[in-house]
Amino acid sequence: MATQSQQPKRITDIGPPHYEKFLPPIIKRNYGQWKYHESLAPGVLCHVSESGEKLYTVRAASPRLLSIQSIRVFADLADKYCGGHLRFTSRNNVEFLLDDAGKIEPLKKDLLAAGFPVGGTNNAISNIVHTQGWVHCHSSATDASGIVKSVMDALFDHFTEQNLPAKLRIAVACCLNMCGAVHCSDIAILGIHRKPPKIQHSVLPKVCEVPTLIASCPTGAIRPATVDGKQSVEVVEEQCMYCGNCYTVCPAMPLNDPENDGISIWVGGKVSNARSAPKFTKLAIPFLPNNPPRWPEVVDAVTNIVNVYAQNARKFERVGEWIERIGWPRFFQLTGIEFTRYHIDDFKNAGQTYARSTHIRF
């Protein structure tokens, strides 16, 4: 019988291939040996290794939901300028990795000619990370791609120029399940449902398992019920958080409502622990209407917050840090946003989030 060492190595396709297979040669040679990096221009970075080799990064925006044609454009440019190597950032920027500085300008010209602007580095707005929206998601309260396009059309100059106090991250999630980064971005655009699901009692027993449906609700708002002699459910509206989990497991519980679905705006989140700890976003605007295809109310609200932040924040100060320094009352005054009852935290232990000292912020 063969021993363990004599047995052939098991071949498996479980999991992704090792990332090392896709690294450019210059990164493999200098892995873990980078001394510093510097910004050469908006969207262009240079990393210098201990060996003296330099890696140039050219960052361009992408629409995230990419067509085959767009992917082929990126692949052709990568083949032409950087040996076929490129990467996508967590916010859907595409980055081309070069080892020849002479290729930077020709690559930038080709990207602009193809409709992909270069920028999004340092104290600029990076590409907006977003969820699926109406194109794919069954529980979305708003669209994602359409809002991102509309907002970035208005803020385009802040992507191609580095003229903000600090880097600015914007995220869009089309419902509060937030498969986008709305909980930890400087400005977040969040689609919201405001009414509980509409139960289709005649359909529910045919397509849904009632125990599974009841278990899907995170707040226990769904209860078993008998309607017209058939097994069904009822929803306790006071406990419903409009998350859409029930619709995920039961198509007879649609949540979408064109009259009441809309958008909320949140501010002050960040992942970075520089200068202060990471922060969650907090509510700025509780509701804006869904007005496709250009969402003017949302665009105006986000543009207003960005402009006020740009005019009043100190250098290197993120949105949340700026608000903490001046205080929330001053934030609402400067932005002209109405303070409502929806801004008051009424959850358990909310008192820990309140200002409880006599210190004045200025």
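Of the heavy-atom accessible surface of the chain (probe 1.4 angstrom), what whole percent is carbon and sulfur? All intermediate terms of the calculation are to be shown ahead of the outcome.
Working: 10830 of 20050 Å².
On the chain, the fraction of accessible area on carbon and sulfur atoms equals 54 percent.
On average, how much accessible surface per residue is there in segment 204-249, in Å², for a 1.4 Å probe, leaving out ligands, DNA and RNA?
Heavy-atom accessible area per residue stands at 59 Å².
Can you figure out the FRET efficiency of ALA154 with ALA310, using R₀ = 22 Å and their beta-carbon distance, to the nearest 0.05?
0.95
Arrange the peptides 111-123, 186-198 so that the one whose residues have, on average, the most other Cβ atoms within 10 Å appears first.
Highest-to-lowest ranking by the protection proxy: 186-198, 111-123.
Put +1 on the Cβ of every Lys and Arg and -1 on every Asp and Glu Cβ in segment 203-354; which of TYR354, CYS246, TYR342 then has its Cα farthest towards the positive end of the dipole?
TYR354
Ignoring everything but the protein chains, give the 1.4 Å probe accessible area of ILE170 in square angstrom, nearest 10.
Taking all protein chains as shown, ILE170 has close to 0 Å².
Per-residue counts of other Cβ atoms within 10 Å, averaged by peptide: what ranking do you get for 287-294, 149-156, highest first?
149-156, 287-294
Which semi-axis lengths, in whole Å and largest first, follow from the square roots of five times the eigenvalues of the Cα gyration tensor of segment 275-362? Numbers along the way, then the final one.
Numbers: eigenvalues 115, 69, 29 Å².
Listed largest to smallest, the semi-axes of segment 275-362 are 24, 19, 12 Å.
Against the 2.2 N^0.38 Å scaling, with N counting residues, where does segment 137-266 land? I'd like the Cα-based Rg ratio to two decimal places. Walk me through the numbers on the way to the answer.
Working: Rg = 18.5 Å, N = 130, 2.2 N^0.38 = 14.0 Å.
Against the empirical 2.2 N^0.38 Å value, I get 1.32 for segment 137-266.
Can you compute the FRET efficiency between SER202 and ILE14 using 1/(1 + (r/R0)^6), with r the Cβ-Cβ distance and R0 = 41 Å? Round to the nearest 0.05.
Working: r = 44 Å, r/R0 = 1.07.
Approximately 0.40, to the nearest 0.05.
Enumerate the amide H contacts of VAL172 below 5 Å, restricted to partners 5 or more residues apart or on another chain; note that Pro and chain-start residues carry no placed amide H.
VAL129, HIS130, THR131, ALA181, ILE189
Cα-Cα pairs above 23 Å in segment 205-303: how many percent?
Counting pairs separated by more than 23 Å, the tail of P(r) holds 50 percent.
Just to verify a number: what accessible area does VAL203 come out at with the full protein assembly present, 1.4 Å probe, Å² rounded to tens?
Result for VAL203: roughly 50 Å² accessible.
Compute, for TRP295, the solvent-accessible surface of its heavy atoms (probe 1.4 Å) with the complete set of protein chains present, and express it in square angstrom to the nearest 10.
So the heavy atoms of TRP295 present about 10 Å² to solvent.
Which value results for Rg/Rh of the chain when Rg is the Cα radius of gyration and Rh the Kirkwood radius based on the inverse mean 1/r?
Values: Rg = 24.6 Å, Rh = 23.6 Å.
Ratio value, two decimals: 1.05.
In nm, what is the difference between 0.36 nm times the number of residues separating GLU259 and LYS348 and their Cα-Cα distance?
Extra length from GLU259 to LYS348 when fully extended: 29.0 nm.
Summing +1 for each Lys or Arg and -1 for each Asp or Glu, what net charge is found among the other residues whose Cβ lies under 14 Å from the Cβ of LEU86?
Residues near LEU86 contribute 0 overall.
Just from its helices, what would the mean residue ellipticity at 222 nm be for the chain, if runs of 4 or more DSSP H residues each count -39500 (n - 2.57) and the sum is divided by every residue, rounded to the nearest 500 deg cm²/dmol?
Taking each H run of at least 4 residues, the total per residue is -7000 deg cm²/dmol.
What GluC sites (Glu not before Pro) in segment 259-322 are in a loop by DSSP, with at most 11 other Cβ atoms within 10 Å of the Cβ? Walk me through the numbers on the way to the answer.
Working: sites: GLU259, GLU297, GLU317, GLU321; in loops: GLU259, GLU317.
Of the GluC sites (Glu not before Pro), the ones in loops of segment 259-322 whose Cβ has at most 11 other Cβ atoms within 10 Å are GLU259.
Ratio to report: Rg/Rh of segment 22-114, with Cα atoms as the point set and Rh obtained by the Kirkwood method; give two decimals.
Dividing the radius of gyration by the Kirkwood radius yields 0.96.
Mind checking the per residue accessible area of segment 65-123 for me, 1.4 Å probe, whole number of Å²?
For segment 65-123, the per-residue accessible area is 50 Å².
Tell me, what is a quarter of the convex hull surface for the C-alpha atoms of segment 306-348, in nm² with one decimal?
3.7 nm²
By the 4.7 Å beta carbon criterion, which cysteine residues of the chain come out unpaired?
That list is CYS46, CYS82, CYS137, CYS174, CYS175, CYS179, CYS184, CYS217, CYS240, CYS243, CYS246.
What is the Å³ per residue value for the convex hull set by the Cα atoms of segment 204-249?
Cα-based convex hull of segment 204-249, divided per residue, equals 65 Å³.
So if each residue of separation counts as 0.36 nm, and I subtract the Cα-Cα distance between ALA215 and ARG72, what length gain in nm does that give? Walk me through the intermediate numbers first.
Numbers: separation 143, 0.36 × 143 = 51.48 nm, distance 4.43 nm.
That pair, ALA215 and ARG72, stretches by 47.1 nm at full extension.
The values are calculated or read from the model by the stated rules, or taken from the named source; none is laboratory data. Quantities reported herein were computed from a predicted structural model and do not represent experimental measurements. Glycine also receives a Cβ, built like all others from the backbone with ideal geometry; neighbour counts cover every protein chain displayed. The area values use the complete protein model at the heavy-atom level, side chains included, leaving out ligands, DNA and RNA. Shrake-Rupley method; radii C 1.70, N 1.55, O 1.52, S 1.80 Å.
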